[in-house]
C-alpha cells in the first residue's frame, strides 16, 4: 500500500503522518493523501488532534522505556532529589548515576523524535488547512485551528530546549523531496530558540486563539487558548533569564556549531540580568490583568465544596491544596487553578506506583505497588505548622539533620493523641513518630509515612506499616516496596486506583513563582513579591511573612528572599516535574543532585526503622541536558553534540 512519508528534520526522523493517530490508523493507507485528508471536516480535525498527541503524559514516569512515540513522559520526579523508584531498571537512574548516553533508544531518542514529529505535523496542518472547503470548516475556525497548531509547535520547541538545550529550528518546509544536503541543519542559538518560541506564541494569540478554550463547542477544554499560550511565554522567558541559559553557566560557554557560531550568550552584566527578568515580570502582570478573574487558587471546605476565599467559614487548607492538584475528568470546570493539562493519560499507572502494597487488602483495585518512594530530603523540606523549616540543613556526615530548635521539630518518641486540623482532619493518628507530627497541611497531602492512615474508602482505612516485616514492608513486598520508607501521596484520592484523573502540567502557582523569582532579581523588597508568597502560604494554612497571625519576618537581602522562594516552590510544586528543571536552571545541581538520597531503614522493625539511612548514591557532572541522539549526529554532519557526551 502507498504510504505518505514525511521527512522530519533530519534523516532518522522519517515517519508516517499516521504514526500516532487513532484516526489515521483507521484510514486505508492506499487511499490516503494530505490533499484528501483536508477535503473534509473530520479529516482536518483529526489531523489537528494528531498534533496534540505529543503533549507529555507525566503520570507514567516509571515506564518511559516502554512508551510509544507519543505521550512523551519524562523521568523528572525520580531524577530529582524528590523521590526514588525501587525498580533498578527505572530510566531515571541513568541520570542519577551519570550513565545516560547519546545511544539511549528510549528517553533520549523518543522525546527528540516525538516533539519534532509534533512540530512537523503542526507545520503540515498550517500549510494545508486552507484547502479544506469552506462548507466543511469556516474561515474563523481555520484561523483558530492554525493558531492552535502554531502554539503547539512553539510548546514542543520549548520542551525540546528545556530537555536538550538549543535545537535546530525548522523555519522552512521539509518533505520527502528535500535534498539531503538541505537537511544538514545546525543548532540554533539559545536566543534564537527562545525568541522564536515567544514570537510564535504571541502570533498565535493574535491570529485566532480563543480567549478561553472551554467556549469551543467542538471540543471544549483541553485545547490551546490565549491563557495557555501566555503561560508558556512566561515559562520560556523564565528559563531564558535563568543561570543555565543566560550566559552565566560556563560549562557551555564554548559550545559552538562547526562554523564557530556560539550557541549560548556571553556572560551578562547586572543590567542585562534585570532586563531579562523584567520581561518575565511584565508578562506575568499581563497574565494576571487578563486572566486573573478566570484563574484562582482552589479554596474548599473539608468536603471539597468551593468557598472562593480562605477567609470563608469552613476553609480547609489540606483539602483545598489537594483538590487544586488533583481533578477528575468530570470535575474539570471546578478546578480554577489548572492552566495546561492532559486529559488522556496513564493515571492508573501513577496511582499504582503511589499506593501501598498492603497485604491486608485482597482487592487489587485498592492496593498498589509501593514503587515511588519520597526521599528523606523531600520530607525534610516541608514546613512545620508554625511555618518554619524543621531543619536548617545537614551536618558534615550529610545525614544527620541540623534541627531548627525554633520550629518545635523533634525526631524522638511517638504521639499520644491524634494530630488534627481545625476542621477535624486527622493528619497523624495517635502513635505516629513525632517527626511526622505538627507538620504543615501540604505534608500530609503529599507524603505517606509510616503510621499514617491510607485514604478512606472500600478496603481502605488501614494504618500503613513500612517496617521490614510490616504488612506494607520489604519482607512481604519482595519487589514491590518503598525503598525510602515513604510513598509519594500527591495526586492520590480515596477509593480505587482506577479513577480518571487529569494530568495537570501547569497550574497557577507556576506563574506565581515565576513572578516572585523575577521580582526577586528586580526588587527583592517588592510588596508584589510578598503578596504572592503569602497567597500561597495562606492557602497552605501556615503563617505568612510580615502579615496575619503569627507572622514571620521578611528577609531583606536578595539571596535570603530567593532561598525562601526556592524552599516554598519545592513544597508547593513538589512531585509536579518542576524541581528537576529548576535546580538545573538555578545552577544548584551539584549541590542538590550530586549526593546520596536518604530514607528510613526499611530493613529494620520497631525503632530501628526510624534511622536515617542512605538509599542510594547519586552523581551529577554533565546532566544539565539530554544528549542529542547519536543517530541524528551521525546523519546530520552540522549537528553538534552537547558538552560532556
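Each value in this text was obtained by applying a stated rule to the coordinates, not by laboratory testing. Note that the coordinates shown come from a computational prediction; the quantities given were computed from them, not determined experimentally. Virtual Cβ from ideal backbone geometry, glycine too; neighbours counted across all protein chains shown.
Note: relative contact order over the chain, using C-alpha pairs below 8 Å and six or more positions apart, is 17 percent. Distance between the 7 Å Cα→Cβ label points at residue 411 and residue 289: 5.1 nm.
Computed extension length for residue 423-residue 210: 72.7 nm, one decimal, from 0.36 nm per residue of separation with the Cα-Cα distance subtracted. Between region 397-470 and region 590-618, what is the C-alpha centre distance in whole Å? Value for the Cα centre distance between the two parts: 18 Å. Label sites at residue 171 and residue 35, each approximated as a point 7 angstrom past Cα along Cα to Cβ, lie 3.1 nm apart.
With everything on Cα atoms, drop me the angle between helix 139-164 and the longest principal axis of the chain, reported from 0 to 90° to the nearest 10. Relative to the chain, helix 139-164 is tipped by roughly 60 degrees.
Full extension of the chain between residue 134 and residue 195 gives 18.6 nm of extra length, using 0.36 nm per residue less the Cα-Cα distance.
Calculated from the alpha-carbon coordinates, region 93-193 shows an Rg and a Dmax of 16.8, 58 Å respectively. Distance from the C-alpha centroid of region 127-202 to that of region 322-347: 28 Å, rounded to the whole angstrom.
Net length available on complete extension from residue 400 to residue 254 is 48.6 nm, with 0.36 nm assigned per residue and the Cα-Cα distance removed.
Taking the empirical scaling 2.2 N^0.38 Å for compact globular proteins as reference, region 492-613 has a Cα radius of gyration ratio of 1.31.
Nearest 0.05, what FRET efficiency do residue 591 and residue 143 give at R0 = 41 Å with Cβ-Cβ as r? Efficiency computed from Cβ-Cβ geometry: 0.30. Model label points for residue 343 and residue 523, set 7 angstrom from Cα along the Cα-to-Cβ axis, are 4.3 nm apart. Here is how the number arises for the chain: DSSP H runs of 4 or more residues each give -39500 (n - 2.57), the sum is divided by the residue count, and the result at 222 nm is -10500 deg cm²/dmol. Can you classify region 346-501 as rounded, prolate or oblate using the Cα gyration tensor, where a ≥ b ≥ c are the square roots of its eigenvalues, rounded means a/c under 1.5, and otherwise it's prolate if a/b beats b/c and oblate if not? It is prolate, given that a/c is not under 1.5 and a/b is the larger ratio.
Placing a label point 7 Å from the Cα of residue 127 along the Cα-to-Cβ direction, the residues of region 34-52 with a backbone N closer than 20 Å are 34-40, 43-52.
May I ask you to list the residues of region 397-437 whose amide nitrogen lies under 17 Å from a point 7 Å from Cα along the Cα→beta-carbon direction of residue 563? Backbone N within reach: 401-407. Note on residue 556 and residue 99: with the Förster distance fixed at 41 Å, the Cβ-Cβ geometry gives a FRET efficiency of about 0.40. In terms of packing, defined here as the mean over residues of other Cβ atoms within 10 angstrom, the peptides 279-292, 461-474 line up highest first as 461-474, 279-292. Mean separation of Cα pairs under 8 Å and 6 or more residues apart, divided by the residue count, gives region 382-499 a relative contact order of 18 percent. Across region 236-268, the residues whose backbone nitrogen lies under 16 Å from the label position 7 Å along the beta-carbon direction of residue 278 are 241.
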